[in-house]
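Worksheet: one structure, shown below.
FYI, it's all coordinate maths here, none of it is from the lab. For clarity, every value in this text was computed on a predicted model and none was experimentally measured. For neighbour counting, all protein chains shown are included, and Cβ atoms are generated from backbone atoms with ideal geometry for every residue, glycine included.
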Ligand SMILES: [Zn+2]
């Protein structure tokens, strides 16, 4: 009887271990999915794929390493950089970068695209926000699944946060979690925190490749004051102003925001201070990032439709027009791609020796007509 009970106990223990192992296996599979990168189908004109570790070897094998897609035209010209995914919870930024990678053709000059600037921030989502982890689009190449990430570097790559984050080298004080925000870490340093090292590698890349014009694509909540905006620094404000005027003729309205001198660590401020590139940052309005939003799901990323925002618009508390058509992803990507093309065109007009000619990207109206599905 005793040995029978012992056997029963052992079986029970074994079964418990097996159940726990199966559950852990399931969870680990789900966890690994967070680290997977989307499969992209670069346009045939892709010349080369570089990595951030080519500019800062310490990033090799870490979540901070990321791909740099290089498209070089037959004719020599200037060099343009486009960054998406500085904040992976702002999908219009990296979806614009992906769309360009899969469709662009460069006739003159060189275009570099880094679609996942803070790759680590793509590997998790912000806690307590109820954010979806993925969203899908049925494109021409099939069902495409894209990641929705976080604003900041994953704590598995940089932890713990200090109480107060001191920006290097200015010593500016910011909230502790901003230590993991790539767009507060420029110009970075080679022996700094994980995020400082990513920022350092990007600045090193801009310096080494002698980039002439550099874009950083973002989104923000519709109630945030800097939205539907082009942010420029001292060296890029003429181009930005000209672009905003010409875009207004197309009925696309952008506010012009100067890069503040004393707000340190941002791409436009530090690329201005530490590189020769003309920096441009652009923002579209995205309801899933807003505090007024209701149901938070993958649908909201694609449609930008939320009845709470319609109410907010009627109360006059939003910084952008908002009606029953919402703020679909195609509108936000369309604004980024149209303004990007306009700014490159103006830069090329003003600097004929460094002209860059980019082909095969849709216009805003083409995106409205066909949808982004047509380009994936
Ligand atoms: Zn952002």
**Complete:** When (1) in contact with a strand residue (DSSP E or B) (Cβ under 7 Å, 6 or more places away or on another chain); (2) away from the ligand (no atom under 16 Å from the Cβ) are applied to residue 168, the one that fails is (1)
**Criterion: over 19 Å from the mean Cα position of the chain (by Cα), closer than 30 Å to residue 300 by Cβ and either surrounded by fewer than 17 Cβ atoms within 10 Å (Cβ to Cβ) or more than 16 Å from the ligand (Cβ to nearest atom) (or both) - qualifying residue of 36, 58, 43** = 43
**Complete:** Scanning region 214-239 residue by residue, those assigned to a loop (DSSP other than H, G, I, E, B) and either within 16 Å of the ligand (Cβ to nearest atom) or crowded, with 21+ Cβ neighbours inside 10 Å (or both) turn out to be 221, 222, 223, 224, 225, 226, 227, 228, 233, 236
**Request:** Kindly establish whether residue 82 is touching a strand residue (DSSP E or B) at 6+ places or on another chain (Cβ under 7 Å), part of a strand (DSSP E or B) and within 16 Å of the ligand (Cβ to nearest atom).
**Result:** yes
**Asked** Would you call residue 183 within 16 Å of the ligand (Cβ to nearest atom) and surrounded by 22 or more Cβ atoms within 10 Å (Cβ to Cβ)?
**Response** yes
**Prompt:** For region 240-261, which residues satisfy the criterion of being in contact with a helix residue (DSSP H, G or I) (Cβ under 8 Å, 6 or more places away or on another chain) and assigned to a loop (DSSP other than H, G, I, E, B)?
**Reply:** 250, 252, 253, 254, 259, 260, 261
**Message:** Looking only at region 191-213, filter to residues that are free of Cβ contacts under 8 Å to residues at least 40 places away in the same chain and over 17 Å from residue 150 (Cβ atoms); which one of those is nearest to the ligand (Cβ to nearest atom)?
**Reply:** 196
**Complete:** Within region 240-269, residues buried (at least 21 other Cβ atoms within 10 Å of the Cβ) and more than 27 Å from residue 198 (Cβ to Cβ) come out as 243, 254
**Request:** Please go through region 335-365 and pick out each residue that is more than 17 Å from residue 238 (Cβ to Cβ) and out of contact with any strand residue (DSSP E or B) (no Cβ under 9 Å at 6 or more places or on another chain).
**Result:** 337, 338, 362, 363, 364, 365
**Asked** Is there any pair with a first residue in region 85-105 that is more than 17 Å from residue 151 (Cα to Cα) and a second that is away from the ligand (no atom under 16 Å from the Cβ) and part of a helix (DSSP H, G or I) whose Cβ atoms are under 6 Å apart and which are 6 or more apart or on different chains, and what are they?
**Response** 96/337; 99/375; 103/375
**Fill in**
If we keep only residues of region 193-213 that are assigned to a loop (DSSP other than H, G, I, E, B) and in contact with a helix residue (DSSP H, G or I) (Cβ under 7 Å, 6 or more places away or on another chain), then the residue farthest from residue 321 (Cα to Cα) is 193
